[in-house]
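Report on the structure given below.
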Amino acid sequence: MARRLRNGPMSFPLSQSPEADGSAALPTNWRCGSFSLSLDRVRIMGVLNVTPDSFSDAGRFVQLNAALLHARQMIDDGADIIDIGGESTRPGATPISPEIEMQRVLPVLRALKGARVPISVDTSQPALMRAALEEGASIINDVRGFRATQALEAVRDTQCGLVVMHMQGEPATMQRQPAYDDVIAEVSSWLARRCDELAAAGISRERMAVDPGFGFGKSHKHNRQLLGNLERLSSVGQPLLVGVSRKSTLGEITGKPTEQRLSASLAAALIAVEAGARIVRVHDVGATRDAIAVWEAVQAERRPAPR
Ligand code: 9MG
């Protein structure tokens, strides 16, 4: 059954068609390697940072055992996907070599082989993409939208899921002066174009999820504008993944430091879900699962107002 979103889109992938009421028929499943994630419920991607300078976990999960414990806890708490990241992409972060990124990520990935949920690797490095897919990763989450030389080739002839994210600039400098005339229109058209390019290169659309990239070359106002108008991204025609958990925009609104942004993160996740996000990338899996359970239970009872 196709899911419907509010605010009809202007364009559709060839395999999909507009519904009679003008809403978009979005994919009902996301193909991720040997997994096919049904999107009839909201999926939770738990963040597993293995970066010493990670903006949120401050290096606590650098140790392999700690990382594994944390991954298992997130799965027990209801994570549908674990996203392992070895490169800090926080604003101002300096890039690291592919070798260091591999040394951080691959041991964790190997140790999670056979997990009951798909494992995602957050990387823009084609060498790590290839190695990770050989080690059993089911998803590549690329904050640079597979723009590095050879990135597209690294994933093309596999069946892995792809997270195609929008970013203006590079992490080292992206927050200096982000500029848009219309952030929603520009992010949306960039994502649509990038998915068209990936499809033209031979990557099936059933493998693609799109992400507006909160905080990646966006001011706080841009982030608020994106979150407040997220339903417009349904025009891209791909499942929407959103990551706002603990981000600085929430700190700007609440005045709270990173470790005190749980309530704000839950509120932001629910705003995203209400606007059509089907996958949320979060640090606090158990709390997010509960918040979404409430939303889904109420959503199931929604009826049109009697005339
Ligand atoms: C790695 N990473 C950090 N923030 C992210 C976000 O918002 N989306 C995705 N896909 N990856 C992110």
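The values are calculated or read from the model by the stated rules, or taken from the named source; none is laboratory data. None of the values given here were measured: they were computed from a predicted structure. Every residue, glycine as well, gets a Cβ built from its backbone with ideal geometry; the counts of neighbours run over all protein chains shown. With ligands, DNA and RNA removed, areas are computed over all heavy atoms of the protein, side chains included. Shrake-Rupley method; radii C 1.70, N 1.55, O 1.52, S 1.80 Å.
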| message | Among the residues in the range 156-169, are any touching a helix residue (DSSP H, G or I) at 6+ places or on another chain (Cβ under 7 Å), under 22 Å from VAL47 (Cα atoms) and among the aliphatic types (A, V, I, L, M)? | response | yes
| field | Among the candidates VAL155, VAL164, VAL117, residue that is within 14 Å of the ligand (Cβ to nearest atom) and under 27 Å from LEU68 (Cα atoms) | value | VAL164
| Out of curiosity, is GLU231 open to solvent by 50 Å² or more (accessible area, probe 1.4 Å), acidic (Asp, Glu) and away from the ligand (no atom under 16 Å from the Cβ)? | no
| message | For the range 195-228: of the residues being over 21 Å from GLU274 (Cβ atoms) and either within 16 Å of the ligand (Cβ to nearest atom) or open to solvent by less than 10 Å² (accessible area, probe 1.4 Å) (or both), which is nearest to the chain's Cα centre (by Cα)? | response | MET208
| note | Inside the range 120-141, the number of residues satisfying the requirement of being among the charged types (D, E, K, R) and either within 16 Å of the ligand (Cβ to nearest atom) or part of a strand (DSSP E or B) (or both) is 1
| query | Within the set of pairs 6+ apart or on separate chains, which have a first residue in the range 264-289 that is at positive phi, a second that is open to solvent by 20 Å² or more (accessible area, probe 1.4 Å) and not polar (S, T, N, Q), and C-beta atoms under 7 Å apart? | reply | GLY276/LEU5; GLY276/GLU231
| query | Only one of (1) away from the ligand (no atom under 16 Å from the Cβ); (2) in contact with a Gly (Cβ under 7 Å, 6 or more places away or on another chain); (3) modelled with pLDDT under 95; (4) closer than 18 Å to VAL121 by Cα is not met by ARG104, so which one is it? | reply | (1)
| field | Whichever residue in the range 67-104 is of a type in the set (D, E, K, R), under 27 Å from ARG43 (Cβ atoms) and out of contact with any strand residue (DSSP E or B) (no Cβ under 7 Å at 6 or more places or on another chain) and, among such residues, is surrounded by the fewest Cβ atoms within 10 Å (Cβ to Cβ) | value | ASP76
| Considering the range 220-261 alone, what residues qualify as being more than 22 Å from ARG43 (Cα to Cα), in contact with a His (Cβ under 8 Å, 6 or more places away or on another chain) and in a loop (DSSP other than H, G, I, E, B)? | none
